[in-house]
Amino acid sequence: MPLIKNGREVDDIWAFVPDEAPLSPGGCITVSLARFRSETELLLARNTDIGVRLEPADDPHELAEFVDRVALIEVSFPKYTDGRGYSQAQLLRGRFGYTGELRAVGQVLRDQILYMNRSGFDAFETERAELPSVVEALKEFSAFYQPAANGSVSVFSRRHQKD
């Protein structure tokens with residue numbers, strides 16, 4: 001599945017390990033939040049980066065104390081109509097100060113990518129949008145009225161800044 005990060009297609013060095021599967025001895029892996037919570041010390045003691053996958057019903061507050069120790073957080077979009085991942089991204093970036101890679105996985109559509117980016121996502125794993133389409137989506141609008149987790153300055157704030 002193509003991985004798009006910072007406006008270009010990159011190799012994916014991460015592998016998701018299902019709950020029932022044994023952990024590989026090396027490599028960068030992601031696990032479910034439930035597995036991360038039950039095997040926290042074992043996972044953090046590994047000599048490789050660790051990632052966590054959040055499902056829509058998962059509470060990102062459970063990761064708050066670990067945001068500086070997790071290199072990747074994947075937010076799953078099992079259906080394109082489920083918007084809970086946007087809220088999870090906003091919490092991770094805004095409230096918890098997560099600065100690592102925040103990746104949208106699953107039903108990621110081209111029409112959602114700009115809004116996902118504004119919510120804090122910086123990587124997109126998608127079979128439903130090709131690179132030129134994603135780059136185009138990220139540049140569709142040059143100004144916004146609402147503040148965003150991606151750090152862009154709103155039109156209102158620009159208008160009222162002192163020169």
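Within segment 112-123, track down each residue that is among the aromatic types (Phe, Trp, Tyr) and either surrounded by 23 or more Cβ atoms within 10 Å (Cβ to Cβ) or in a loop (DSSP other than H, G, I, E, B) (or both).
Across segment 112-123, the qualifying residue is only 121.
Quick one: count up the residues across segment 63-83 that are part of a loop (DSSP other than H, G, I, E, B) and either in contact with a helix residue (DSSP H, G or I) (Cβ under 7 Å, 6 or more places away or on another chain) or open to solvent by less than 40 Å² (accessible area, probe 1.4 Å) (or both). Don't jump to the end; show me each part of the working.
Residues of segment 63-83 part of a loop (DSSP other than H, G, I, E, B): 67-71, 78-83.
If we keep only those that are either in contact with a helix residue (DSSP H, G or I) (Cβ under 7 Å, 6 or more places away or on another chain) or open to solvent by less than 40 Å² (accessible area, probe 1.4 Å) (or both) as well, we get 67, 69-71, 80, 82-83.
The number of residues fulfilling the criteria is 7.
For segment 1-56, which residues satisfy the criterion of being modelled with pLDDT under 95, within 15 Å of residue 106 (Cβ to Cβ) and touching a Pro at 6+ places or on another chain (Cβ under 9 Å)?
Answer for segment 1-56, where residues must be modelled with pLDDT under 95, within 15 Å of residue 106 (Cβ to Cβ) and touching a Pro at 6+ places or on another chain (Cβ under 9 Å): just 12.
Keeping to segment 44-62, report how many residues are β-branched (Val, Ile, Thr), surrounded by fewer than 19 Cβ atoms within 10 Å (Cβ to Cβ) and in contact with a Lys or Arg (Cβ under 8 Å, 6 or more places away or on another chain).
Going through segment 44-62 one residue at a time, the tally reaches 0.
When residues of segment 84-111 are filtered for being open to solvent by less than 10 Å² (accessible area, probe 1.4 Å) and among the hydroxyl-bearing types (Ser, Thr, Tyr), how many remain?
Qualifying residue count, segment 84-111: 1.
Among the residues of segment 1-43, how many are under 18 Å from the mean Cα position of the chain (by Cα), surrounded by 12 or more Cβ atoms within 10 Å (Cβ to Cβ) and among the acidic types (Asp, Glu)?
2
The values are calculated or read from the model by the stated rules, or taken from the named source; none is laboratory data. Quantities reported herein were computed from a predicted structural model and do not represent experimental measurements. With ideal geometry, Cβ positions are generated from the backbone for all residues, glycine too; neighbour counts draw on all protein chains shown. Calculation scope for accessible area: heavy atoms of the full protein, side chains included, ligands and nucleic acids excluded. Shrake-Rupley method; radii C 1.70, N 1.55, O 1.52, S 1.80 Å.
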